[in-house]
1. Please tell me if residue 70 is polar (S, T, N, Q) and touching a residue at least 60 places away in the same chain (Cβ under 8 Å).
2. Filter the range 120-152 down to the residues that are open to solvent by less than 10 Å² (accessible area, probe 1.4 Å), within 12 Å of the ligand (Cβ to nearest atom) and not aliphatic (A, V, I, L, M) and list them by number.
3. Here are some conditions: (1) within 16 Å of the ligand (Cβ to nearest atom); (2) under 22 Å from the mean Cα position of the chain (by Cα). Residue 65 meets all but one. Which one does it not meet?
4. Taking the residues in the range 15-57 that are part of a helix (DSSP H, G or I) and of a type in the set (Lys, Arg) as candidates, determine which candidate is nearest to residue 128 (Cα to Cα).
5. In the range 153-164, which residue that is in contact (Cβ under 8 Å) with a residue 24 or more places away in the chain and either away from the ligand (no atom under 12 Å from the Cβ) or over 20 Å from residue 128 (Cβ atoms) (or both) is most open to solvent (accessible area, probe 1.4 Å)?
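The values are calculated or read from the model by the stated rules, or taken from the named source; none is laboratory data. Since we're looking at a predicted model, the values are computed, not measured. Here Cβ is always computed from backbone atoms with ideal geometry, including for glycine, and neighbour counts include all displayed protein chains. Heads up: the accessible areas ignore ligands, DNA and RNA and are worked out on the full protein's heavy atoms, side chains in. Shrake-Rupley method; radii C 1.70, N 1.55, O 1.52, S 1.80 Å.
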Amino acid sequence: MKRGVLKLVASYLVFRKESLPKGGHGIHSPFVFDLYTNIIAREERNTFFEVIEGYRKELLKCDIGIIRKSIAESLNGGFRGELVKLSRLANLVAVPPHLGRLLFRLVNHFNPANTIELGTSVGISSLYLALGNPNGKLYTIEGDEAVYGIASKRFELFHLNNVHAICGTFETELPKLVKELDSVDFVFIDGDHNGSKLLQYFDIILPKLNENSVVVIDDIRWSDEMEDAWRAISTNKRASVSIDIFRCGVLFFRAGIVKQNFILRYGPY
Ligand SMILES: C[S@@+](CC[C@H](N)C(=O)[O-])C[C@H]1O[C@@H](n2cnc3c(N)ncnc32)[C@H](O)[C@@H]1O
């Protein structure tokens, strides 16, 4: 069940107490210090960010509503037949700009060959992932035909030939996709907000992750269940470094690194 405001504030206060201050002081791992100072916290202007945020603004201004056409009866709180405004999807459902920029910088730095995104919606996070890594392939899965159509149109308008958008449920499409790919190099999970499903998706991708893979999980504090699932995943013995930035968790699978969890501040947190 989604956390109420009081619980979220309480969990934020714990995060503030446990996290290291901004600036990188106290990060003793050279890999994480470098990653934090040069990639995570490094904010620089980029014309792609303006272009993507221009698309968000366009949706925010428009008064159009779409009828959800979820393949499953209900997905992530949305129901087949429900009317939803595009402005709402751009404002409340899509990743906020600071998280989009972080995704862009991560893929731009690591240049993953194969990226999987669970939860395309109107395509805002997909644009950050695809434009940040033009030489890699982005596979993005969405179970609502209506939003899938809107995102696909935008990928066409942007002439993105590195995006392969898949309309279907994660449950059916993810195992097929993972089976087809030689490696899974970057994953962004932003779908159900369901702890037990998150654990299942992680188990499906795990065999194809390699030493250089990166997994980003959004909304780890959505519910107690999501936070428990994040803890279970971050303690998986193959995840050598986990970074908790409050809203999201980021995992690395490098060898030769002492297993450690970092709690770091980024963006508004
Ligand atoms: C939070 S939104 C994704 C937002 C998107 N990443 C962005 O930043 O623009 C989650 C999306 O996942 C889809 N979804 C949720 N559960 C799903 C499932 N089991 N299979 C397929 N799609 C699902 C929903 O329809 C919704 O569009």
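1. Yes; evaluated as a whole, the condition is true for this residue.
2. 120, 123, 125, 126, 128, 140, 143, 144
3. Every condition holds for residue 65 apart from (2).
4. Residues of the range 15-57 part of a helix (DSSP H, G or I): 15-18, 30-40, 47-57.
So of that shortlist, the ones also of a type in the set (Lys, Arg) come out as 16-17, 56-57.
Working: 16: 28, 17: 31, 56: 12, 57: 15 Å.
Only one residue tops the list, namely 56.
5. 164
Yes/no per residue for (1) out of contact with any Gly (no Cβ under 6 Å at 6 or more places or on another chain); (2) open to solvent by less than 10 Å² (accessible area, probe 1.4 Å); (3) closer than 19 Å to residue 103 by Cα:
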residue: 190; (1), (2), (3): no, no, yes
residue: 204; (1), (2), (3): yes, no, no
residue: 219; (1), (2), (3): yes, no, yes
residue: 235; (1), (2), (3): yes, no, no
